[in-house]
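These notes concern the structure reproduced below.
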Amino acid sequence: MDLTKEFKHMAAALFVAYKALLFGETPVACLVVDNCNDAILSIGYNYTNVSLNGTRHAEFLALERLVDDGYDLSKCTLYVTVEPCIMCASYLRQIGIGRVVYGAGNDRFGGNGTVVSVNSNGHLPKQAYPSYGGICRTEGIQLLRNFYIQENDSAPTPQVKKNKDIDSKDLPDSNVVYDEAAFNDFYGVERQFLLEDRTCEITPLIGQGYRLIDLFSLSDALNIPFLQKELGRISQDQLDNFYELFRSVDGEGRVIMETSVKVYHSKKRPHED
């Protein structure tokens, strides 16, 4: 089972999240992809800090462009770097999204199985949608860590963040909830070992590791719709800084922790406005 397409889309979503991080937003982002031609139709990113509106999550921004135009979302996949929260999971079901693929689980507010399964349970008016997690899971976690070590200079009493050395932090085991039959259908029966060993990452191909630099290029970044218009110009230097935030994953699905990663510093933003 070749999951390269899923990893490429998630790498693009991660870069959108990184661009949001450069503007002080929580780095969670998503893409809406047409299943018929694999084209990116829309993007979304967390916009709660700038808008001062707690409902402006990535999923809402991405889909409002399409809902207003009456797009058939049952033929679309949403790729999002972190599991949708309960609010967003409900919204996705009510608008009839076809499928969701996410990276890191959301162990506090996850609506696609980690806390509750809004996507498949209950009596919402729309049909349940399938949801698959763990694609670029550790990269989604690493981006969030880069956000949460930043100090908020706008706070009335700014607090000095302790333990900013994310290079030395361990990665949590996967908390993604799997239904065995659905897992086999999407990930392939050859990845069954992941159902038991939650310390391994999903990789695009069995027996082969991956690096984001091999999945996502400058031309890919430049072809993401709405991105430069809304979050600023993209350069190769900016993309190189993005790559350096993440470790590689080996052929056994192990994150190569011996490799150092860089830390994003908001006061020294590695981007061009």
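The values are calculated or read from the model by the stated rules, or taken from the named source; none is laboratory data. Keep in mind that this is a model prediction, so the values were computed, not measured. With ideal geometry, Cβ positions are generated from the backbone for all residues, glycine too; neighbour counts draw on all protein chains shown. SASA here: full protein model, heavy atoms, side chains in, ligands and nucleic acids out. Shrake-Rupley method; radii C 1.70, N 1.55, O 1.52, S 1.80 Å.
Where a ≥ b ≥ c are the square roots of the eigenvalues of the C-alpha gyration tensor, would you call the chain rounded, which needs a/c under 1.5, or, failing that, prolate if a/b is larger than b/c, or oblate?
Cα axes put the chain in the rounded bin.
About the Cα centre of the chain, what is the dipole size in debye to 20, counting +1 per Lys and Arg Cβ and -1 per Asp and Glu Cβ, all else neutral?
720 debye
Out of the DSSP beta bridges found with both residues in the chain, what percent are antiparallel (nearest 5)?
Here the antiparallel bridges make up roughly 65 percent for the chain.
As a check on your grasp of the helix formula, calculate [θ] at 222 nm for the chain: sum -39500 (n - 2.57) over DSSP H runs of n ≥ 4, divide by the residue count, round to the nearest 500.
Calculated mean residue ellipticity at 222 nm is -9000 deg cm²/dmol.
Cα gyration tensor of region 17-118, axes a ≥ b ≥ c as square roots of the eigenvalues: rounded (a/c below 1.5), prolate (a/b > b/c) or oblate?
Note, shape of region 17-118 comes out oblate.
Hey, if you put +1 on the Cβ of every Lys and Arg and -1 on every Asp and Glu Cβ in the chain, which of Ala128, Tyr148, Ser174 ends up farthest toward the positive end of that dipole?
Tyr148
Given a cut-off of 18 Å, name the pairs among Lys169/Lys262; Lys8/Lys229; Lys229/Lys262; Lys19/Lys229 whose C-alpha atoms lie farther apart than that in the structure shown.
Too far apart for the 18 Å limit: Lys8/Lys229; Lys229/Lys262.
What figure in square angstrom, to the nearest 10, would you give for the accessible area of Asp220 with a 1.4 Å probe?
Per-residue accessible area (Asp220): approximately 60 Å².
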